[in-house]
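Below you'll find the structure, written out as structure tokens, and then a few comments.
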Amino acid sequence: MGLQNRFDAQGLLRATALGLLVTAAAQSNASVTNPTIGRLLWSEEFNGASLNTSLWNTFDGNGCQINLCGYGNAELQYYSPNNLSIADVPFEGGTRALAIRAARQTIGSNQFTSGKIDTLNKVQVKYGMIEIRMATPHLQTGLWPAAWMLGTSPQVWPRKGEIDIAELGHKSAAWSAAGAPGPDYYVGANVITWAQAACVPGNESCAASTAWQTKNWYRPANSLANRFVKYRFYWTESQMRFTVVDTDGEHDMYNQPLPVNTDALRAPFYFLLNLAVGGNFTDAANPSQVTAPLPSTMYVDYVRVYELDGKGEVKLGNQTLPEAGGKFGVFTDNTSISNKLVAGSTSDIFLWNGASTGAGNTAPAEGSNVIAWSYNTPGQWFGGGIQSRQLRDLTNYRNGNLKFKIKIPANVSFNIGIGDSYTNQNWVNFPANTTAFGLVRNGDWATATVPVSTLIGPKVALQSIADIFMFSGDNNQLPTQTFQFAIDDVVWESGTTTPQDPPPATTPDGITQPTATTVKFTQATGSWADVHYTVNGGGQLNVRMLKEGSGNAYTVSGLKKGDVVRYNFTYWDPARNGAYDTAQQSYTLK
């Protein structure tokens, strides 16, 4: 579902596995072509009375609400939660499924409505065999159903990675070239990442696509409209394979497995399901070109994640843990820190305007690394930033400071900023020829100390920081001559608190049974907590609990009388500045 101008991906990088929640131990014989499918790690069966919003987020807008009108693809629909339901499937008796309905309905400037959901910050997956049982309507021109995934990294697309498990509604040039009699007889898969080789004019995002000029589709003997098939994605640290399980067996969508050749594809991903109307992927660039019968409904019977040759991880809830405090290094070499980002591994450094700025030659202030730039085009804007490859929770630094060293001419006015994952930003200004935040403006290396409370302003969410340090020129006072400048030793300091004796250890755990089929876990601390539980001795689930009042809570449904739930908690105790585990307990449903 990303932008459509793409090129072949290249490159080979290493990746570091993240902590496991629902997990399977790795085996040495992993193979996507001759796989051993193990236990079910997680599933969403869509059998409830309504959509489970503890697992799924709904969309309400046309993309303009996130400054991405048409969601980057010139799509014509407005996504509304009213177009989502759990319903009986009319063409398969006894089956309930997620129903995503597209209709001709005007909301603002949009003449169509439809539905879209995702599991961002609620369910994320890394490796395993993913199976989605899905049915799509008659497509004709304009409908674009998709079951896909995006990387959980805050990096901009396509650096975070995109995995399209099933996409339908292609332009006629695609399905006719494959010999399909119509769009209902054609489904494709795709993987999109960033690649330097794809950075060519017309593809400024550097999006590299495995589907570019490659056979990446399945062409069934019968129309896919209004019937279920299974779409499978086999995924290990080294290979990917896409298939369709139809009435006559399993069919590969690529001629051979795809290599996993970038860090982005060895990281966690989250699910997206949607039914778009029009856009660059289809032959409908405007509402008059949509010929698909409307209203039409896409059905998803289930989404399941299985072990694949002993591999597979599923994480539930928000996985961003708070940094413990002390000193957090953003860009530093020798400074003593408690944790740090490493450029090219856990963070990226971006220069935003190559037309005004290039590489500089200023020597480091400390260590052997430095961010050195040369401003070459007077009168143009300049800027750059450091972005973490995973979101960072810096709430423990709220009373602290951001410190950095900078070497820049005294007559240059500049800004320092920060940004969260909700698109909020805040900037502080360093005027020319003026000492601000302790920064002595004499053109030599000097240190600035910005209180975090000032840096974040009124809106930036410290619990979800993506752009952890940003630098820009002052657009109200752009430089009139060239110069060199450099930044080094960027560190967050959590500050100090008044020492106090910690309170006695407590056990903030509890379980209640609101209904005959549900249990609710609760704990009383005001910070984060995880619940670890099993049902009838099955696989352990580990879930980041949701904030509720001053504590945390999480509800589990689909249980029955006699089920035995064993559980314990891990929680953050602010008074003791640490994470603590509680003893395991047991509850039997009544």
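Here is how the numbers come out for the structure above:
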item	result
Spatially proximal lysines relative to residue 590 (Cα-Cα < 20 Å; intrachain offsets below 8 disregarded)	520, 560, 561
Extension gain (nm, one decimal) between residue 585 and residue 200, 0.36 nm per residue minus Cα-Cα	132.7 nm
Set of aspartates and glutamates near residue 407 by C-alpha distance (under 13 Å), chain-local residues within fewer than 8 positions excluded	366, 444, 488, 489
Relative contact order, percent, the chain [alpha-carbon distance under 8 Å, six or more residues apart]	15
In nm, spacing of pseudo-spin labels at residue 239 and residue 380 (7 Å Cα→C-beta vector)	4.7
Cα-centre dipole for the stretch 102-187 with unit charges at Cβ (Lys and Arg positive, Asp and Glu negative), debye to 20	240
Proximal lysines relative to residue 116, as straight alpha-carbon distance under 24 Å, when same-chain residues fewer than 8 apart are discounted	126, 160, 171, 230, 315
Charge context of residue 486, other residues only, Cβ under 14 angstrom, K/R +1, D/E -1	-3
Ranked packing of 112-118, 528-534, most packed first, by mean Cβ within 10 Å	112-118, 528-534
Stretchable slack from residue 45 to residue 227, in nm (0.36 nm times residue separation minus alpha-carbon distance)	63.8 nm
Distance between the stretch 203-252 and the stretch 67-98 - C-alpha centres, whole angstrom	21
Linear extension gain, residue 68 paired with residue 248, 0.36 nm per residue minus alpha-carbon span	60.7 nm
Inter-label distance, nm, simple model (7 Å from Cα along the C-beta direction), residue 546/residue 516	2.4
Distance in nm between pseudo-label sites at residue 36 and residue 564 (7 Å out along the Cβ direction from Cα)	2.8
Length-normalised contact order for the stretch 511-588 - Cα pairs under 8 Å, 6+ apart - percent	32
Structure-derived Cα Rg over 2.2 N^0.38 Å: which label, when the choices are (i) 0.93; (ii) 1.04; (iii) 1.54	(ii)
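The numbers here are math on the coordinates, done by the rules we state, and not lab data. Being a predicted model, the structure only gives us computed values, none of them experimental. For neighbour counting, all protein chains shown are included, and Cβ atoms are generated from backbone atoms with ideal geometry for every residue, glycine included.
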